[in-house]
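Engineer: I'd like to ask some things about the structure below.
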Amino acid sequence: MTQRAGAHYPGDDEQDDLLARHNQFETDNAAAACRQTILFERQDFLEPLDREQPFSMSINSVLLDDVRISAVRTSGHRVRLVEDQNISLLLPWTKTIETDDIGRRIAANTESMLIPTPGPRTTMCESGYLGLVVQLPLTRLRSAAAVNPDDRWRPDGQAPGVVSVTTGQGAALGRYLRHLAYELDQSDALLVARGAANAAAMMVTELLGSAWQEAMAGDEARIRSAGLFQVKLAEEIMRATSDEALSIAALAARVGVSTRSLQLAFRQYRGAGPRQILEEVRLDAAHARLLSALPGDNVTRIALDCGVTHLGRFSARYRSRFGESPLSTLRRRRS
């Protein structure tokens, strides 16, 4: 896997440890692997790709609110499964994965991910495969899609199938999923705390909606356009609600345009997307809170209260914006 500047993700020498702190299932028996129901509603059969070689499978899994993130490592298998209640994101870390999607066969490698339509499917993972399975309940996605009637992604329709994780909104989604996997492996991971877990689940939902909408051919030509007025109105709402779990889809709905249209307008008039501007507003709010901190307040509590969803980069962004670490600001307040 390619290493990215400014962040660290597991490399080849660390891949055995992906979500290792959340181990739930490990077997060298294909029949036992078929019986396990950690991930899917039902598995009709599971067989090794190569019956002449030893079989092994492990699944490490953790819940963030109602979003399940799992790491699957296998010596290679084919499985017939049913998934009716979730949308799954299948993100390869190594090797390739392929599956059915409404009568077509789709495949992904380390530069793409699969988002198949719910229902029965047959999935094949190569020998040495390691990947993330991120499952979002359809109830969550239906609620998210209903937030903005101008958005045209519908979780009850056909899913995107294959999404690139090197360009566009799919790249943002892929980066965030890798960030979550890395953070969850840390001994001091904060994402299992309720507030952080809720924020992370909302971010995954929002990024999936953006990637889904972008994947819909011709959607951009039909969306209602946004202008400087909507950008300024959105910024006012951001400042007034920076401590709330505000999604960009909800923000766009409040100013009366589609999410994609608001994203394009922000890039035109502000040179950055609305999520980046919202992050800056939240940094300003955190700075103000730190300067007026009460006894018992700490940096993490204040960051979460201000709606920060990416704790891993909060300190670096804060230092870049204010010339000191958040802890230094807090200490200065108390001195």
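The rows are residues; the columns are (1) crowded, with 20+ Cβ neighbours inside 10 Å; (2) free of Cβ contacts under 8 Å to residues at least 24 places away in the same chain; (3) among the hydroxyl-bearing types (Ser, Thr, Tyr).
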position: GLU244; (1), (2), (3): no, no, no
position: LEU262; (1), (2), (3): yes, no, no
position: ARG267; (1), (2), (3): no, yes, no
position: ALA272; (1), (2), (3): no, yes, no
position: SER292; (1), (2), (3): no, no, yes
position: ARG317; (1), (2), (3): no, no, no
position: SER325; (1), (2), (3): no, yes, yes
position: ARG331; (1), (2), (3): no, yes, no
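Engineer: May I pose another question? Return the only residue of LEU291, LEU283, LEU251 being more than 25 Å from ALA181 (Cα to Cα) and in contact with a Lys or Arg (Cβ under 9 Å, 6 or more places away or on another chain).
Structural biologist: The match here is LEU291.
Engineer: Based on what the data block shows, is ASN198 under 16 Å from the mean Cα position of the chain (by Cα) and modelled with pLDDT under 95?
Structural biologist: Considered against the rule, which asks whether it is under 16 Å from the mean Cα position of the chain (by Cα) and modelled with pLDDT under 95, ASN198 comes out as yes.
Engineer: Now for a different question. Can you confirm whether ARG282 is out of contact with any helix residue (DSSP H, G or I) (no Cβ under 7 Å at 6 or more places or on another chain), surrounded by 15 or more Cβ atoms within 10 Å (Cβ to Cβ) and not hydrophobic (A, V, I, L, M, F, W, C)?
Structural biologist: Yes.
Engineer: While we're looking at this one, here's another question. Restricted to region 82-104, and to residues that are touching a helix residue (DSSP H, G or I) at 6+ places or on another chain (Cβ under 9 Å) and part of a strand (DSSP E or B), which residue is surrounded by the most Cβ atoms within 10 Å (Cβ to Cβ)?
Structural biologist: Filtering region 82-104 for residues that are touching a helix residue (DSSP H, G or I) at 6+ places or on another chain (Cβ under 9 Å) and part of a strand (DSSP E or B), the one surrounded by the most Cβ atoms within 10 Å (Cβ to Cβ) comes out as LEU89.
Engineer: So, one more: Taking region 252-273 as the search range and keeping residues that are farther than 13 Å from GLY227 by Cβ and either assigned to a loop (DSSP other than H, G, I, E, B) or over 24 Å from the mean Cα position of the chain (by Cα) (or both), which one is modelled with the lowest pLDDT?
Structural biologist: It comes out as SER258.
Engineer: On the basis of being over 16 Å from the mean Cα position of the chain (by Cα), assigned to a strand (DSSP E or B) and over 30 Å from VAL255 (Cα atoms), does THR123 make the cut?
Structural biologist: yes
Engineer: Does ARG175 fit the bill of being of a type in the set (D, E, K, R), surrounded by fewer than 22 Cβ atoms within 10 Å (Cβ to Cβ) and in contact (Cβ under 8 Å) with a residue 24 or more places away in the chain?
Structural biologist: yes
Engineer: Taking ARG142 and the conditions (1) in contact with a Lys or Arg (Cβ under 7 Å, 6 or more places away or on another chain); (2) under 18 Å from GLN85 (Cα atoms); (3) of a type in the set (D, E, K, R), which numbered condition does it fall short on, given that it satisfies the others?
Structural biologist: The one condition ARG142 does not meet is (1).
Engineer: In region 228-242, how many residues are assigned to a helix (DSSP H, G or I) and β-branched (Val, Ile, Thr)?
Structural biologist: Final tally of qualifying residues: 2.
Engineer: Taking the conditions exactly as written (under 29 Å from THR329 (Cα atoms) and of a type in the set (D, E, K, R)), does ARG260 satisfy them or not?
Structural biologist: Taking the combined requirement at face value, the residue does not satisfy it.
Engineer: A further question follows. Only one residue in ILE97, ILE102 is of a type outside the set (Ser, Thr, Tyr) and at pLDDT 95 or above. Which one?
Structural biologist: Just a single option satisfies the conditions, and that option is ILE97.
Engineer: Something else now. Does any residue in region 80-104 that is farther than 14 Å from LEU132 by Cα come within less than 9 Å, Cβ to Cβ, of a residue that is outside any strand (DSSP E or B) and of a type in the set (Asp, Glu) six or more places away or on a different chain, and which pairs are these?
Structural biologist: LEU81/GLU41; VAL82/GLU41; GLU83/GLU41; ASP84/GLU41; GLN85/GLU41; ASN86/GLU41
Engineer: Hey, can you tell me all the residues within region 126-137 that are of a type outside the set (A, V, I, L, M, F, W, C) and either touching a Phe, Trp or Tyr at 6+ places or on another chain (Cβ under 6 Å) or not in a strand (DSSP E or B) (or both)?
Structural biologist: Those that are of a type outside the set (A, V, I, L, M, F, W, C) and either touching a Phe, Trp or Tyr at 6+ places or on another chain (Cβ under 6 Å) or not in a strand (DSSP E or B) (or both): GLU126, SER127, GLY128, GLY131.
Engineer: Let me ask something else. Pull up region 30-58, narrow it to residues that are acidic (Asp, Glu) and farther than 28 Å from GLN85 by Cβ, then point me to the one that is surrounded by the most Cβ atoms within 10 Å (Cβ to Cβ).
Structural biologist: For region 30-58, the residue satisfying everything is ASP50.
The values are calculated or read from the model by the stated rules, or taken from the named source; none is laboratory data. None of these values were measured; they are calculated from a predicted model. Heads up, the Cβs are rebuilt from the backbone with ideal geometry, glycines too, and the neighbour counts pull from every protein chain shown.
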